[in-house]
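Quick notes on the structure that follows.
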Amino acid sequence: MKLSPSRWRDTVVGILIPIGAVAGALLAGVLILVLAGVNPVKAYGPLLIGPFANLYGIAQTITKATPLLLVGLGICIGFRGGVINIGGEGQIVAGALFTTWVGLQLRSLPGIVLIPLLLLTGFIGGALWGAVPGILKARLNASEILSTIMMNLIAAQGVSFLLRGPMIDPAEIAYGTGFPQSEALTEWAWLPRVIPRTTVHLGAIIALVMAVLVYVFLWRTTIGYRVRAVGYSKDASRYAGINVARYAVLAMLLSGGLAGLAGAVEVMGIHHRLLDGVSAGYGFTGIVAGLFGKLHPIGVIPASFLFGALLVGADKMQRAVGVSPGIVYALQGLVVLFVVSSDLWVRRRSARRVEGGGEELVND
Amino acid sequence: MINELLKEGALILILASGVRLATPYLFAALGEMIGQRSGVLNLGVDGTMMLSAFTAFYVTFASGSLALGVLVGVLTGGLMGLIMAVVSVTMRAEQGISGIGLHLFGLGMSNLLFRLSLGAISTVEGFRPLSVPILSDLPVIGAVFFRHNVLVYLAFVLVPVAWVVLFRTPLGLKIRAVGENPQAADTLGVSVTGIRYLCVIIGGMMSGLAGTYLSIGLNNMYVDNITNGMGWIAVALVYFGRWHPWGVLAGSLLFSVVNALQIWVQVRGIAIPYEFAVMMPYVLTIVALAFAVRRAQQPAALSKPYERAEA
């Protein structure tokens with residue numbers, strides 16, 4: 001496809017505006033740091049350079065980008081299908097729980113069978129957790145924004161209960177330490193490392209493959225077309241004979257499934273067991289990565305890399321200047337606020353283009 | 001257990017504690033209702049409550065003045081409301097997402113400031129119960145409703161106040177018009193932007209009051225994650241209450257009595273895992289959303305940014 005000069009300019013601006021928004025958020029963060037009595041120059045060095053300073057930093061960034069990409073892909077399907085899935089946190093937890101539980105039952109299977117099986121299990125766990133709000137929305141018109149948030153809170157409590165009771169590692173009881181974590185998965189179930197001596201695991205490749213699959217699904221299949229149609233206009237879709245409720249549930253199911261897969265790869269690639277707080281905020285940050293990538297599966301790849309870097313950098317900054325981890329959430333909150341705000345300028349530009357030039361609207 | 005529950009004393013305790021626990025729900029949900037009536041869905045309630053809970057606590061701790069604590073808690077909430085208004089009204093951002101951003105900001109800031117300033121859990125002398133003369137001597141009702149602190153009374157008084165303002169004043173008419181049909185309101189010379197700013201800021205202030213009550217009216221201390229998801233439930237209570245002050249009151253009381261019952265059960269040491277007890281209001285919220293809410297009644301322009309059509 002050839003791009004006209006004006007299209008090129010729009011594309012460049014379309015990338016620069018959100019990046020400017022992130023820069024704006026970090027600038028606002030300076031205020032917070034000054035308020036906290038921290039020298040901002042000292043703090044922002046690790047934040048901006050840390051993630052890229054060496055192979056180790058880059059590897060950490062890719063590791064954090066992996067769940068973000070998977071959640072963000074789910075956000076693409078959900079939002080394109082007209083469901084606002086805020087339930088990534090709970091769906092990650094559900095996926096991680098399913099994967100761990102099944103993994104602990106099937107220790108004797110060889111890795112070549114076990115790994116795909118556990119990935120699928122995680123997907124199903126997240127999909128089921130997402131299906132509840134999806135069905136409630138489709139059948140009873142219950143706000144999915146609120147019910148997914150409630151499902152997050154329920155999942156966190158549920159796993160907290162399991163890890164202190166039925167699923168706690170017997171060794172924790174035997175030694176009397178009682179740390180809330182499950183038994184470790186057998187090594188056959190661990191995702192192999194793809195960059196030696198770093199934490200980058202097979203999950204990164206899986207996430208990239210999923211990005212391509214989600215793209216093909218949304219833009220090259222009839223079902224994907226219908227999902228987008230329902231998200232674009234419910235009334236028009238209904239008029240065209242599409243079963244709107246069914247596709248809304250499907251969008252929620254796939255969206256939850258991808259978040260569940262993120263939970264599975266976190267367990268199989270990083271922790272090798274179930275822990276409290278396995279979702280680590282990825283369910284929220286993944287939403288931002290999805291929006292930042294313009295709800296396009298390929299766009300979410302660089303977006304999740306960027307937000308992975310932000311998480312790694314914030315982590316490094318937090319440790320370098322010794323402030324509490326709250327700073328990471330505060331910065332993330334600012335980034336969300338700035339990014340969603342900056343969208344106004346992007347929309348204005350595309351509105352002008354439609355008015356002015358008769359060029360086809362890129363909104364796919 | 002049932003026998004114990006049926007004793008008059010136990011019931012009064014549970015109901016009285018239900019009235020106290022309804023207070024933060026009422027403040028936050030009434031405020032959120034006003035914002036939603038003007039067409040803005042603010043999901044930042046929980047984060048706003050946390051930040052206000054901290055600032056109110058800290059100021060009270062440092063100055064010894066409860067009044068100053070309340071003032072700062074409310075102002076903090078108002079400021080959070082202002083941020084939400086700028087992002088969702090002026091910048092016309094997707095409200096479902098910007099509220100999450102505001103929540104994360106409040107969550108992070110409260111944690112950061114707490115660690116920096118206090119670091120450890122401390123306590124203050126919070127609001128003392130104030131018995132209402134005569135009424136507090138009534139059997140049962142007196143103990144349940146009239147032996148609380150001033151913030152509790154304020155929350156309940158705000159229910160009829162919200163009703164009068166929304167349904168019996170020109171301002172209320174404007175608010176509802178902006179939430180139902182901003183184009184028409186704009187045509188009639190009502191400032192959509194002005195009304196939405198006002199409502200979202202008031203909503204923020206009331207979330208601020210909710211948080212303030214938690215730290216210096218109920219617990220008399222500040223801990224991380226002091227809200228335990230109350231802010232999210234407050235948003236759901238607006239749906240449950242069908243965007244009406246009396247409905248919000250009913251929902252708040254239902255949830256708080258369930259909560260009080262849950263706490264009573266835990267204190268008795270009855271074998272329900274703690275996590276299930278905490279989960280109860282969340283599950284109840286989902287059930288309520290699915291079966292008790294008719295969204296046909298929601299403000300027609302809820303969560304839709306308004307853009308005047310250019311001539």
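Any chance region A:283-301 includes a residue that's assigned to a helix (DSSP H, G or I), buried (at least 24 other Cβ atoms within 10 Å of the Cβ) and away from chain B (no Cβ under 13 Å)?
yes
Being over 30 Å from B:PHE240 (Cα atoms) and either in a helix (DSSP H, G or I) or more than 14 Å from chain B (Cβ to nearest Cβ) (or both) is the requirement here; does A:LEU70 meet it? If you could, list the steps in order and put the result at the bottom.
Numbers: over 30 Å from B:PHE240 (Cα atoms): yes; either in a helix (DSSP H, G or I) or more than 14 Å from chain B (Cβ to nearest Cβ) (or both): yes.
The answer is yes for A:LEU70.
Check region A:102-115 and report whether any residue there is under 13 Å from the mean Cα position of the chain (by Cα) and surrounded by fewer than 24 Cβ atoms within 10 Å (Cβ to Cβ).
Kept after step one, since they are under 13 Å from the mean Cα position of the chain (by Cα), are these residues of region A:102-115: none.
Scanning region A:102-115, I find no residue that is under 13 Å from the mean Cα position of the chain (by Cα) and surrounded by fewer than 24 Cβ atoms within 10 Å (Cβ to Cβ), so the answer is no.
Which ones in region A:158-184 are surrounded by fewer than 22 Cβ atoms within 10 Å (Cβ to Cβ) and either within 14 Å of chain B (Cβ to nearest Cβ) or in contact with a strand residue (DSSP E or B) (Cβ under 6 Å, 6 or more places away or on another chain) (or both)? Step through it out loud before you land on a result.
Of the residues in region A:158-184, the ones surrounded by fewer than 22 Cβ atoms within 10 Å (Cβ to Cβ) are A:158, A:160-162, A:164-181, A:183-184.
Across region A:158-184, the qualifying residues are A:GLY158, A:SER160, A:PHE161, A:LEU162, A:ARG164, A:GLY165, A:PRO166, A:MET167, A:ILE168, A:ASP169, A:PRO180, A:GLN181.
Taking interchain pairs and intrachain pairs at least six residues apart, which have beta carbon atoms under 9 angstrom, with the first residue in region A:184-197 and among the β-branched types (Val, Ile, Thr) and the second assigned to a loop (DSSP other than H, G, I, E, B)?
Short answer, once both residue conditions are applied: A:THR186/A:LEU106; A:THR186/A:ARG107; A:THR186/A:SER108; A:THR186/A:LEU109; A:VAL194/A:VAL200.
If you take the residues in region B:285-300 that are crowded, with 19+ Cβ neighbours inside 10 Å and not in a loop (DSSP other than H, G, I, E, B), which one is farthest from the other protein chains (Cβ to nearest Cβ)?
Step one: filter region B:285-300 for residues crowded, with 19+ Cβ neighbours inside 10 Å, giving B:285-286, B:288-290, B:293, B:298-299.
Subsequent filtering for residues that are not in a loop (DSSP other than H, G, I, E, B) retains B:285-286, B:288-290.
On the way: B:THR285: 5, B:ILE286: 5, B:ALA288: 9, B:LEU289: 4, B:ALA290: 4 Å.
Going through the qualifying residues, I end up with B:ALA288.
Scan region B:177-191 for residues that are surrounded by fewer than 19 Cβ atoms within 10 Å (Cβ to Cβ) and assigned to a helix (DSSP H, G or I) and jot them down.
Once the filter is applied, which keeps residues that are surrounded by fewer than 19 Cβ atoms within 10 Å (Cβ to Cβ) and assigned to a helix (DSSP H, G or I), region B:177-191 yields B:GLU180, B:GLN183, B:ALA184, B:ASP186, B:THR187.
B:VAL265 versus (1) in a loop (DSSP other than H, G, I, E, B); (2) more than 14 Å from chain A (Cβ to nearest Cβ); (3) β-branched (Val, Ile, Thr): which is the lone unmet condition?
Of (1) in a loop (DSSP other than H, G, I, E, B); (2) more than 14 Å from chain A (Cβ to nearest Cβ); (3) β-branched (Val, Ile, Thr), only one is false for B:VAL265: (1).
Residues to consider are A:VAL132, A:VAL113; find the one that is at pLDDT 95 or above and among the aliphatic types (A, V, I, L, M).
Numbers: A:VAL113 fails: at pLDDT 95 or above.
Selected residue: A:VAL132, the only one of A:VAL132, A:VAL113 that is at pLDDT 95 or above and among the aliphatic types (A, V, I, L, M).
For (1) in a helix (DSSP H, G or I); (2) under 14 Å from the mean Cα position of the chain (by Cα); (3) without any contact (Cβ under 8 Å) to a residue 60 or more places away in the chain, each residue gets a yes or a no:
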{"position": "B:THR193", "(1), (2), (3)": "yes, no, no"}
{"position": "B:ILE201", "(1), (2), (3)": "yes, yes, no"}
{"position": "B:MET206", "(1), (2), (3)": "yes, yes, no"}
{"position": "B:GLY211", "(1), (2), (3)": "yes, yes, no"}
{"position": "B:VAL223", "(1), (2), (3)": "no, no, no"}
{"position": "B:ALA234", "(1), (2), (3)": "yes, yes, no"}
{"position": "B:TRP246", "(1), (2), (3)": "yes, no, no"}
{"position": "B:GLY251", "(1), (2), (3)": "yes, yes, no"}
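In region A:140-158, is there at least one residue being over 23 Å from B:ASN225 (Cα atoms), under 21 Å from the mean Cα position of the chain (by Cα) and among the acidic types (Asp, Glu)?
Yes, region A:140-158 has at least one match.
Find the helices (runs of 4 or more DSSP H) located wholly in region B:56-163 whose residues include 2 or more that are without any contact (Cβ under 8 Å) to a residue 60 or more places away in the chain and within 14 Å of another protein chain (Cβ to nearest Cβ), and list them.
Working: elements: B:66-85, B:95-117, B:141-145.
Here the list reads B:95-117.
What do you reckon, is A:SER233 buried (at least 18 other Cβ atoms within 10 Å of the Cβ) and either without any contact (Cβ under 8 Å) to a residue 24 or more places away in the chain or among the polar types (S, T, N, Q) (or both)?
Values: buried (at least 18 other Cβ atoms within 10 Å of the Cβ): no; either without any contact (Cβ under 8 Å) to a residue 24 or more places away in the chain or among the polar types (S, T, N, Q) (or both): yes.
Taking the combined requirement at face value, the residue does not satisfy it.
Say whether the condition of being within 29 Å of B:GLY96 (Cβ to Cβ) and of a type in the set (A, V, I, L, M) is met by at least one residue in region A:97-118.
yes
The values are calculated or read from the model by the stated rules, or taken from the named source; none is laboratory data. This structure is a prediction, so every number in the text was calculated from the model and none was measured. We place every Cβ from the backbone using ideal geometry, glycine too, and count neighbours over all the protein chains shown.
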